[in-house]
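What follows draws every value from the coordinates through simple rules; no lab data is involved. Values in this document were obtained by computation on a predicted structure and should not be read as measured data. All Cβ positions, glycine included, derive from the backbone under ideal geometry; neighbour counts span all protein chains shown.
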Amino acid sequence: MTGDDADKRLQLQSAALQAAANSIVITDCAGRIIWANPAFSRLTGYPPEEVLGQNPRFLKSGRQDIAFYQRMWQTILAGDVWHGELINQRKNQSLYTGEMTITPVLNAAGEITHFVAIQEDITERRNLQQQLLQAQKMESIGRLAAGVAHDFNNLLQGILGFSDLLLKQLDEQDSRRQDVEEIHQAAQQGAQLTRQLLAFSRKQRMELQVLDINAVVNGAGKMLQQLLRENIALDYQLAPDLARSRADPQQIEQLLLNLTINGRDAMERGGRLTITTFNVTLDDRDAARWTDIRPGRYVCLAVSDTGTGIARELLPQIFEPFFNTKERGKSTGLGLATVYGIARQMEGWVHAYSQPGLGSTFKVYLPALVSGADSAEPRPQVVKPQDVRGHGERLLLVEDEAGVRELVVRVLRKHGYQVFAAANGAEARRLFERQQGGLDLILSDMVLPDGNGVDLVQEILARQPGLRVIMTSGYADERSRWNVIRERGYRFLQKPYPVGELLRLLHEALSTP
């Protein structure tokens, strides 16, 4: 090889090192930096002139312990290649994760003269992997929570229903009445907990409508103000041109309530709670940063506080059910889990941003409706339950839980209805055959031991068109076929339901032609 060829080769090697996308650092045998390529400066923020002669320890973030670095040095000083991941700190104090290979350079005598460290920035990859693992974890917890909530709702239905019956039989002066009221109140609190679990697991019923989020925020303002102490100011920054979104107004109120309480509890010494709304368009680059984001137009509802903030290592856990940093007895640990579930069920998501000592911001993103679908629908009026009586109407009850079945039979017969009770689909078909189609209404649970309640109802309706229908469930999951219930306009009762609400809905169904 001629001298010119050798020079060209050296120039090519130098250009390749300079152009490399990965960070490359060369140190002497004592670990002092003698050369760094431009990719190192782009990654760390340090120009070459600031690092020459220094040991790379200035990049340490404190995330690795002394033993980690001892093992690294033992490997490379033995002449072996070290490969691993490091969490380092940039010049601006931000952290990054690097996949690094350190190779010892040996002279002709086999002595180490230099080390070459090549590092790839894998921060985004690791963040996405963590988000994916967290999403899978939340999905698994959600399935567990939904199953627990469903079973408890059936138990609570019996407790609430039978305590209702007892309360109707006891006079105000009866010494036993207070005990029954305590049982009833405890069951109601249990029902509230299961509702929160169902919200987290996205198994609760949603009444979606075209909604102006600003109107919901303004409507909830008085309630939210009452939740705050006098030393906390409440501010609004609502976008006047906010797009409409398809959402459940009651669930948006619940979401606001939970975030307000969370912010209040973070500001024991007082502060400022700010509710903000704005339109935002997210592109493919935004979607690549988080596993749960899709490009498109969104309505953002943000709640910010000036409280104590949340430690970085706790942020991935704050939306998990029963995860709680508050004192024992001050919180159920379901507030933020409920917010997470509500946002996800409305095809949106929630992100938390926080710094210890500087407060927190929770941003809820909901899909914005396209132009032309922006006319807000009126909120349905809530009709209070009333104790009404039947006139001998013949009802087919399909309920697999024995306690709930006994309760409903007793209540309906006491209020003037004829009830034929079945524990499963097969029994229901036999009772229907026996009555030769002379029924007025079918009241069925969605999930039955031997099939699906919706399929059973549709089968019976094919033989007796015009039969009134009420469906019940502890939650609405994929087996419940909730979309069919909505499409066909079947009435629905979420367990656990008050006895009065059952009677009101029965009266409404039977009074409708």
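Overview of results
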{"read-out": "Residue exposure sequence - Lys363, Lys495 - by fewest surrounding Cβ within 10 Å", "value": "Lys363, Lys495"}
{"read-out": "Footprinting exposure proxy for Arg264, Arg394 (fewest neighbouring C-beta atoms within 10 Å first)", "value": "Arg394, Arg264"}
{"read-out": "For Ala21, net neighbour charge (Lys/Arg +1, Asp/Glu -1) across residues whose Cβ lies under 15 Å away", "value": "-2"}
{"read-out": "Residue-wise HN-Hα coupling along the range 153-169, computed from phi with Karplus coefficients 6.51, -1.76, 1.60 (Hz; x: Gly, Pro)", "value": "4, 5, 5, 5, 4, x, 5, 5, x, 5, 5, 4, 4, 5, 4, 5, 8"}
{"read-out": "Packing-based ranking, highest mean first, of 406-415, 101-110 given that Cβ atoms within 10 Å are counted", "value": "406-415, 101-110"}
{"read-out": "Listed residue pairs exceeding 23 Å between alpha carbons, taken from Lys414/Lys495; Lys168/Lys495; Lys222/Lys495; Lys222/Lys363", "value": "Lys222/Lys495"}
{"read-out": "Net charge of neighbours whose Cβ lies under 10 Å from the Cβ of Arg468, counting Lys and Arg as +1 and Asp and Glu as -1", "value": "-2"}
{"read-out": "Phi to ³J(HN,Hα) by Karplus 6.51 cos²θ - 1.76 cosθ + 1.60 over the range 53-65, Hz, x for Gly, Pro", "value": "x, 9, 7, x, 4, 5, 8, 4, 9, x, 7, 10, 8"}
{"read-out": "Normalised contact order of the range 392-450, rounded percent, pairs of Cα under 8 Å and 6 or more residues apart", "value": "49"}
{"read-out": "Alpha-carbon centroids, the range 66-93 and the range 223-298: separation in whole Å", "value": "43"}
{"read-out": "Environment charge at Asn424 (Cβ cut-off 9 Å; Lys +1, Arg +1, Asp -1, Glu -1)", "value": "-3"}
{"read-out": "Highest average packing first - 71-80, 164-173, 209-218, Cβ atoms within 10 Å", "value": "209-218, 71-80, 164-173"}
{"read-out": "Cβ crowding within 10 Å averaged over residues, with 268-278, 51-61, 251-261 ranked highest first", "value": "251-261, 268-278, 51-61"}
{"read-out": "Potential lengthening between Leu10 and Arg312 on full extension [0.36 nm per residue; Cα-Cα distance subtracted]", "value": "104.1 nm"}
